[in-house]
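> Dropping a structure here in structure tokens format, bear with me for questions.
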Amino acid sequence: MQKTTCLACGIEKDMNIKEMYPYSDDSIDTEEPVSPLFKDFECQSDTDHSDFRLVTICHKCWHRVQPDMWMSQREWESLNPITNFNDLPKSPNNQDASTNTKEVA
Ligand SMILES: [Zn+2]
């Protein structure tokens, strides 16, 4: 059994056991079981917009943020995560960040 940890709240899940996503109002399929943790979702630094990190996050934490294409550092920190933004693994897509910058209203 392979345990994977939500980097925000620290809950451990077995990635081989799919779960139903419990919040029907989010943009996640609730008809079919999905992975219990969403792995390698991108999170963008608030200070350096070319700095993306990869987060692994459970359904509950996902629901609290409801990220769009990626998550911002501020959204990540709103979860009171057990993993600091700066300790998150770097995204391999960092070098493409110029085509990937979030619009700021
Ligand atoms: Zn979590």
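> For segment 55-66, state whether one or more residues are within 14 Å of the ligand (Cβ to nearest atom), in contact (Cβ under 8 Å) with a residue 40 or more places away in the chain, among the hydroxyl-bearing types (Ser, Thr, Tyr) and touching a Leu at 6+ places or on another chain (Cβ under 6 Å).
yes
> Filter segment 1-49 for residues that are within 16 Å of the ligand (Cβ to nearest atom), outside any loop (DSSP other than H, G, I, E, B) and touching a Phe, Trp or Tyr at 6+ places or on another chain (Cβ under 8 Å) and give the result.
Of everything in segment 1-49, those that are within 16 Å of the ligand (Cβ to nearest atom), outside any loop (DSSP other than H, G, I, E, B) and touching a Phe, Trp or Tyr at 6+ places or on another chain (Cβ under 8 Å) turn out to be VAL34, PHE38, PHE41, CYS43.
> Take the residues in segment 50-78 that are more than 11 Å from the chain's Cα centre (by Cα) and in a loop (DSSP other than H, G, I, E, B), then tell me which one is modelled with the lowest pLDDT.
In this case the residue turns out to be SER50.
> For segment 7-54, give me the residue count where each residue is small (Gly, Ala, Ser) and in contact with a Leu (Cβ under 8 Å, 6 or more places away or on another chain).
1
The values are calculated or read from the model by the stated rules, or taken from the named source; none is laboratory data. Everything numeric here is computed off the predicted structure, so don't read it as measured data. So basically every Cβ, Gly included, is an ideal-geometry build from the backbone, and we count neighbours across all protein chains shown.
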